[in-house]
Amino acid sequence: MRYRLVHRTAYAYGEAVDLAAHLLHLTPRPLPGQTVRAAGIVSAPSPARTVTAEDHFGNVATWLFHTEPHADFVVTLEAEVEVAFPPPPDPASTLPWERVRTLVESGGPRTWRAAEFAVSSPMAPRDGQAGRYALPSFSPGRPILEALLELTARIRRDFAFRPGATTLATPIAQVMQSRAGVCQDFAHVMIGGLRALGLPARYVSGYIRTRLKPGAERRGPEPCLGRVLAGPGPWLGRSRSDQRPCGARRARGARLGPRLRRCLPGAGHHPRRRAAQPYGERRSRPDRGMIGQ
């Protein structure tokens, strides 16, 4: 499946600023099963300098530096991505979840990189309450994908999707108490619960192909609700929104990390005012179109 991605974010300072710097994670990343045919970023105003590099997690990071006065900032990504992810394995054939935990704890050439995703991060700590919530799905010896499928189904059933109930800074403990939030909150609950069980889990943000009802708006970038290491081989992901694997219906973006704030499409600051707030899922108005198969 081939997709054309158009992601546009508009940001207003409220007053003119002389200098600004923006860090963008917009360029889709090449992956096994995902080929980036073309990608480009344009902004208004145009930057005085652009720097592109790969960050710790393999994401394409783009810095834009502005040196002329401006009161507004608009950035647009246009990309063409071909997606052909393989189907997920048979859940019953995956390793027992305890075996995965042991593999990560023992290290080794194929699992040591996953170890950092098993430890706490600021917004997705090894949360005891989330761990106790996840534990009933992880009975002794149960294949890890079977357990993950049940956990995501329970999150979908037990938590209400309620925009405005949380912010980017809402901790897991509050979401566990209110049982309400949006996709980023459910991703953090799942990741924190899995980490509490000693399993590595990471946050992935991308784009979902939607079939819209008349008058409905397109969704913004959506997390795959986290991904869990399934053994020496693949990472497995599930979406809370539709209970489907994170596969051909999604073009994974440039954002992979331990939590949401490492996966935001962009963040910026300017020296004459307080730091600009990170912007992403809730400010973006991306437009996506399927252009072929």
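Any residue that is hydroxyl-bearing (S, T, Y) and more than 21 Å from the chain's Cα centre (by Cα) - is there at least one of those in region 112-127?
The answer is no, given that none of the residues of region 112-127 is hydroxyl-bearing (S, T, Y) and more than 21 Å from the chain's Cα centre (by Cα).
Is there any pair with a first residue in region 56-71 that is hydroxyl-bearing (S, T, Y) and a second that is part of a strand (DSSP E or B) and surrounded by 15 or more Cβ atoms within 10 Å (Cβ to Cβ) whose Cβ atoms are under 8 Å apart and which are 6 or more apart or on different chains, and what are they?
Every condition considered, the pairs that remain are T62/L23; T62/L24; T62/I41.
Can you name the residue in region 174-188 that is among the hydrophobic types (A, V, I, L, M, F, W, C) and modelled with pLDDT under 95 and, of all such residues, is nearest to R202 (Cα to Cα)?
Here the residue is A187.
Can you spot a residue in region 2-19 that is under 20 Å from P69 (Cβ atoms), at pLDDT 90 or above, charged (D, E, K, R) and assigned to a strand (DSSP E or B)?
no
What residue, among those in region 91-107 that are more than 16 Å from G141 (Cβ to Cβ) and touching a residue at least 24 places away in the same chain (Cβ under 8 Å), is surrounded by the most Cβ atoms within 10 Å (Cβ to Cβ)?
V104
Across region 109-123, what is the total count of residues that are under 10 Å from R202 (Cα atoms) and without any contact (Cβ under 8 Å) to a residue 40 or more places away in the chain?
Within region 109-123, residues that are under 10 Å from R202 (Cα atoms) and without any contact (Cβ under 8 Å) to a residue 40 or more places away in the chain number 0.
With assigned by TED's automatic domain parsing to the domain that holds D127, part of a loop (DSSP other than H, G, I, E, B), of a type in the set (G, A, S) and at pLDDT 90 or above as the only criterion, which of A153, A165 stands out?
None of the other options fit; the residue is A165.
Of these, A53, A71, which one is aliphatic (A, V, I, L, M), surrounded by fewer than 17 Cβ atoms within 10 Å (Cβ to Cβ) and over 20 Å from the mean Cα position of the chain (by Cα)?
A71
So which residues in region 85-122 are modelled with pLDDT under 85, hydrophobic (A, V, I, L, M, F, W, C) and part of a loop (DSSP other than H, G, I, E, B), if there are any at all?
Correct list: F85 only.
The values are calculated or read from the model by the stated rules, or taken from the named source; none is laboratory data. Because the structure is a prediction, the values reported are computed rather than measured. Cβ: placed from backbone, ideal geometry, glycine included. Neighbour counts: every protein chain shown.
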